[in-house]
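Enquirer: After the C-alpha cells below, expect a handful of questions from me.
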Amino acid sequence: MIVPKFEGLQGRAEAQSWPEPPQVLLQRLIHRVDQVLLGKRETVTQLLTAMLAGGHVLLEDVPGVGKTMLAGAFARVLGGEFKRIQFTSDMLPADVIGGAVWDSRISELVYRPGPIMANIVLADEINRTSPRTQSALLEAMEERRISVEGETRKLPEPFVLIATQNPLSYEGTNTLPEAQLDRFMMRLSIGYPSMENEAKMLEQYASGSRLEPHQLRPVLMLEEWLRMQREVRQAHVHPGLLEYMAKVTDATRRAPELELGLSPRAGRDWLRAAQARAYVEGRRYVLPDDLFATGETVLAHRLNGVSAGGRQVSEALTRIMRSTPLPASIAPGQIAGRQK
C-alpha cells in the first residue's frame, strides 16, 4: 500500500496557505481554455500538466485544428507574455534569440531581445526552418538561457516552448533531431472535434458568441504559477514506483523492436509529469494511474523503431508498460489505469 510521507511538506504548506485550493484554480483554468477549444479537455489537461512540470510540448497535428489557439489561450489565462515565431526556411538563429545591433546614440552594440524572451513561446511549424536555426532552441529548452555574443542571458520565469508541426506535409521540412525531440516533455495531438462540438462551434460563429483566446481573462498570476511549480516537485513518489519507472526505461533499451531506447532525461520528465498530474488532481502523492496517464505522451516520441512507423513504437511501449510488474507494496486497487 502506498503511504504518503510528506508531513513536513504539509507543515510548510500550512505556513503559506492558498486562499482557495490550487486544484480549484487549475480546474477553473482548464474550464476556460476548454471553452475556446471545445471538447478537448484531456488535451488541455495534458498540456497543463506539462507546463506545471516545467516542460515543453510538441503539438503534432494537421492544420486548422486549433494548435495556435490552444497556445494563445494558455498564455491569456496565465497572464504571461506570449510570443509567436513563424518558422520559415530563411530564418536565422538571431531571428529567434535576438542579437547585437548598433545603437548610434551611445555608439555601442546593444542586445535586441528576440521572441524567445517571453513566458510562453509558440514555435509554429518548427520543422520548416533549417537545423541551424532549430539548434538555437536547444540551450533555451534545457538550460532556460541563451548565449548571444559570448554573453549568457536567462529567460523569463516561467518559460515554456510550445512547438507545432504538420505530420502529413514533409516537403521542404527538416526533421527534428533526436536531441531536440528529447527536450520536449510531451508530444500531443489535438485531433478533429466531434460532430456535436463542431456543430456547437459553428453555431457560436453564426451567432457571434464565439469566445476567442484574446477575450480570456487571467486565472493565475505568474507568481502563483511559479509557486505551483515548486509545490509539484514536492509530491511524494513511492520507492516502488521509482523502481517500476527504472524497469520500464531499461526495458525499452533492450526491446528488439526498438532501435533507440529512453534516455535518463525521459525518466526525469516522466517523474515530473506524474507529479504534476497528481497535483492537478489535488493530491500531494503520485499513484500508478498518474504514470499510466502520462506515459505515452511523455515517452513515445523519444523512441525509434527498427522499422518505420509510429504504431510499432506505441505498441512496444504499451507492451513494456503492461508487462513490467508493479511492486507488491502497491495495492491492486490502485492500478486501474494499467488495464486501459
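The values are calculated or read from the model by the stated rules, or taken from the named source; none is laboratory data. What you see is a predicted model, and the numbers here were worked out from it, not measured in a lab. Cβ: placed from backbone, ideal geometry, glycine included. Neighbour counts: every protein chain shown. Surface accessibility is based on the protein's heavy atoms, side chains included, excluding ligands, DNA and RNA. Shrake-Rupley method; radii C 1.70, N 1.55, O 1.52, S 1.80 Å.
Enquirer: Looking at segment 124-145, which of its residues are part of a loop (DSSP other than H, G, I, E, B) and over 17 Å from the mean Cα position of the chain (by Cα)?
Expert: Result: THR129, SER130.
Enquirer: I'm told GLU224 meets every condition in (1) modelled with pLDDT under 95; (2) open to solvent by 60 Å² or more (accessible area, probe 1.4 Å); (3) under 22 Å from VAL160 (Cα atoms) except one. Can you identify the failing condition by its number?
Expert: GLU224 satisfies every listed condition except (2).
Enquirer: Identify all residues within segment 87-104 that are farther than 19 Å from LYS154 by Cα and open to solvent by less than 30 Å² (accessible area, probe 1.4 Å); write none if there are none.
Expert: Hits for segment 87-104 are PHE87, MET91, ASP103.
Enquirer: With the checklist (1) in contact with a helix residue (DSSP H, G or I) (Cβ under 9 Å, 6 or more places away or on another chain); (2) open to solvent by 20 Å² or more (accessible area, probe 1.4 Å); (3) charged (D, E, K, R) in hand, flag the one item GLU231 doesn't pass.
Expert: Unmet for GLU231, out of (1) in contact with a helix residue (DSSP H, G or I) (Cβ under 9 Å, 6 or more places away or on another chain); (2) open to solvent by 20 Å² or more (accessible area, probe 1.4 Å); (3) charged (D, E, K, R): (2).
Enquirer: Report every pair of residues separated by at least 6 positions or lying on different chains whose Cβ atoms are under 6 Å apart, first residue within segment 238-253 and within 13 Å of ALA328 (Cα to Cα) and assigned to a helix (DSSP H, G or I), second at pLDDT below 95 and open to solvent by less than 20 Å² (accessible area, probe 1.4 Å).
Expert: Going by the 6 Å Cβ cut-off, the qualifying pairs are GLY240/ILE330.
Enquirer: Here's a follow-up. If you scan segment 254-302, which residues turn out to be in a loop (DSSP other than H, G, I, E, B) and closer than 15 Å to ARG183 by Cβ?
Expert: Filtering segment 254-302 for residues in a loop (DSSP other than H, G, I, E, B) gives 255-257, 261-263, 281-284, 286-287.
Scanning segment 254-302 gives LEU262, SER263.
Enquirer: Hey, any hits in segment 105-123 for a residue that's closer than 20 Å to LEU37 by Cα, basic (Lys, Arg), in a strand (DSSP E or B) and open to solvent by 30 Å² or more (accessible area, probe 1.4 Å)?
Expert: no
Enquirer: While we're here: Could you figure out which of (1) open to solvent by 40 Å² or more (accessible area, probe 1.4 Å); (2) modelled with pLDDT under 90 isn't true of ILE330?
Expert: The failed condition is (1).
Enquirer: Taking ARG28 as the residue in question, decide whether it is modelled with pLDDT of 90 or more, part of a helix (DSSP H, G or I), in contact with a Leu (Cβ under 6 Å, 6 or more places away or on another chain) and open to solvent by 10 Å² or more (accessible area, probe 1.4 Å).
Expert: No, not satisfied.
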